[in-house]
Each structure stands twice: as structure tokens, then as C-alpha cells.
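The values are calculated or read from the model by the stated rules, or taken from the named source; none is laboratory data. Nothing here was measured: the structure is a model prediction, and the numbers come from that model. Positions of Cβ are generated from backbone atoms using ideal geometry, with glycine treated the same way; all protein chains shown enter the neighbour counts.
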Amino acid sequence: MPQNNNMTMSRTKHSQNELLRIKYRTGMLERGMKPKDLPLRIWTGNEIPAEVKTAIKKERLARLGGVHGDPMAGYPVEYGYLHMFFGSRETIEITFYNRGITLFLSDEEGIKRIHRVFCKLDMIVRRDEES
């Protein structure tokens with residue numbers, strides 16, 4: 001008797017939406033600096049903290065890709081970058097300029113959702129640096 005195809009399809013769909021790797025870069029860009037001058041953190045597979053996976057899913061970050069904020073809104077420029085790789089070979093990139101200023105001036109829910117995930121990532125980076 002054949003296996004239940006619903007189980008197989010469900011597993012396949014889950015693995016396609018699975019977060020496989022993230023790259024995160026954040027910091028202040030002083031005059032003459034480029035984003036690549038900031039440290040890049042990479043987490044792959046099981047290295048991705050569970051709380052980050054949960055936050056990315058809960059905040060539906062895959063729907064918020066693109067560039068947010070205004071690089072001219074302040075100096076030095078607060079910079080944040082998140083690149084997410086999924087099992088479906090889909091990649092989502094979020095670049096955020098001057099997050100603090102943008103949060104102060106905007107009441108947009110998408111901005112708040114990105115901010116919550118970036119805060120979670122910032123907390124983990126600090127925790128890793130202290131260890």
C-alpha cells in the first residue's frame with residue numbers, strides 16, 4: 001500500500017521554507033566607511049539560534065525584503081543588513097539605514113517588525129562577543 005502523500009508533501013513544503021543560513025551586519029558607518037567594513041556574522045543550519053528562527057517566522061520577515069530608512073537622515077549612518085537563505089533557494093535581503101531615526105519618525109508596522117528581529121540579532125551578537 002502506498003505511503004500517505006500528504007505527509008511527504010508536508011515535509012517537502014516545510015524543508016523548502018526552512019531557514020538555512022543568515023548573514024547579519026550592523027554598526028555605525030563613519031565618513032569614508034562602506035558596509036563591508038563592518039563585521040559580518042553568519043549562522044548556518046543548526047547554528048541559527050532558535051529564538052532568531054522563531055522571530056523571523058513570527059514577524060513574517062520574508063515579506064519585508066528591500067531597503068528601509070534613509071541613509072541621509074543622520075550621521076554617522078546607522079546600518080543594518082540581513083540576508084536570509086531558505087530551502088526553496090529563495091533569498092531575502094533587508095537593508096536598513098538609520099533604524100532609530102526611522103522608528104522615531106514612522107509608525108509603520110513593517111518597520112517595527114524588522115526592528116524586533118534586528119534587536120534579537122543584536123542581543124545574540126553581544127552575547128556571543130561576551131562569551
_Number of positions in the range 94-110 that are surrounded by fewer than 18 Cβ atoms within 10 Å (Cβ to Cβ) and either of a type in the set (D, E, K, R) or within 15 Å of GLY66 (Cβ to Cβ) (or both)_ = 6
*Answer yes or no: is there a residue in the range 30-40 that is in contact with a helix residue (DSSP H, G or I) (Cβ under 9 Å, 6 or more places away or on another chain), surrounded by 13 or more Cβ atoms within 10 Å (Cβ to Cβ) and at pLDDT 95 or above.*
no
*Filter the range 97-119 for residues that are within 11 Å of the chain's Cα centre (by Cα) and more than 13 Å from LEU61 (Cα to Cα) and give the result.*
CYS119
*asked:* Test of understanding: among ILE56, ILE48, which residue is under 20 Å from LEU103 (Cβ atoms), touching a residue at least 24 places away in the same chain (Cβ under 8 Å) and β-branched (Val, Ile, Thr)?
replied: ILE56
*What are the pairs, 6+ residues apart or on separate chains, where a residue within the range 70-90 that is surrounded by 16 or more Cβ atoms within 10 Å (Cβ to Cβ) has its Cβ under 9 Å from a residue that is among the basic types (Lys, Arg) and outside any strand (DSSP E or B)?*
GLU78/ARG99; TYR79/ARG99; GLY80/ARG99
_Search result, residues across the range 41-93 that are under 23 Å from LEU29 (Cα atoms) and in contact with a His (Cβ under 8 Å, 6 or more places away or on another chain)_ = ILE92, GLU93
*Is there a residue in the range 105-112 that is part of a strand (DSSP E or B), over 16 Å from GLU18 (Cβ atoms) and not small (Gly, Ala, Ser)?*
no
*Any chance PHE96 is of a type in the set (Phe, Trp, Tyr), under 23 Å from LYS34 (Cα atoms) and either part of a helix (DSSP H, G or I) or free of Cβ contacts under 8 Å to residues at least 12 places away in the same chain (or both)*: no
_Filter result for LYS36 (in a helix (DSSP H, G or I), under 13 Å from the mean Cα position of the chain (by Cα) and basic (Lys, Arg))_ = no
